Amino acid sequence: MSPDNHRDGTIPAGGSKGQQRCCLFHFHPMETHFVYILYSPSTGSYYIGQTMDLENRLIQHNSHFFKDSHTKVADDWILKLSIPCTSRRMALAIEKHIKGNRSRKYLENLIRYSGISERLISKYMDL
């Protein structure tokens, strides 16, 4: 666990004192990639991506590091969900599956109900 991570597995995302700017995720040291869902309260939109470094990726999105990304429209992105993956190939397949649903309700259910992400992990485990 890096010194910037909280004991309960949350990643601080900066922000003003009193603002909730982090989200719980389960850290599994054997996984190398994560699929993540970000949410921007100011725009009311979600963003789905994959990375090996959640903490750095959140900082990159909030600092507009990705000039052509959808996330450039805001600087208040919050990590809502991360799904641990055993390979980049698995992460890309889960990211494609999630994006293919094109449904805000599906994203909100995926965030709310852990069983959905567990089924995705099982489905794409052997990639």
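Derivation of every value follows stated rules applied to the coordinates shown; laboratory data play no part. Just so it is clear, the structure is predicted and the values come from calculations on it, not from any experiment. Using ideal geometry, Cβ is built from the backbone for each residue, glycine included, and neighbour counts are taken over all protein chains shown.
Excluding Arg104 itself, what net charge comes from residues whose Cβ is under 13 Å from its Cβ, given Lys and Arg +1 and Asp and Glu -1? Provide the component values of the computation, followed by the final result.
On the way: positive: Lys80, Lys99, Arg102, Lys105, Arg112; negative: Glu108.
Here the charged neighbours net out to +4.
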FRET E, pair Phe65, Leu127, Förster distance 25 Å, beta-carbon r, rounded to 0.05: 0.35
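Show me the trypsin sites (Lys or Arg not before Pro) within region 38-87 that DSSP assigns to loop and that have at most 12 other Cβ atoms within 10 Å of their Cβ. Present the calculation step by step, with values, prior to reporting the outcome.
Values: sites: Arg57, Lys67, Lys72, Lys80; in loops: Lys67.
Those that pass, being in a loop and sparsely packed, are Lys67.
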Region 33-124: relative contact order as a whole-number percent, Cα under 8 Å and 6+ apart: 31 percent
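With charges set only on the Cβ (+1 for Lys and Arg, -1 for Asp and Glu), what does the dipole of region 33-124 come to about its Cα centre, in debye to the nearest 20? Intermediate values should be presented prior to the final figure.
Working: 14 positive and 8 negative charges, 92 e Å.
I would put it at about 440 debye.
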Least to most buried among Glu108, Glu95, Glu118 (fewest other Cβ within 10 Å first): Glu118, Glu108, Glu95
Label-point gap, in nm, between Asp75 and Arg89 - each point 7 angstrom along Cα→Cβ: 4.1 nm
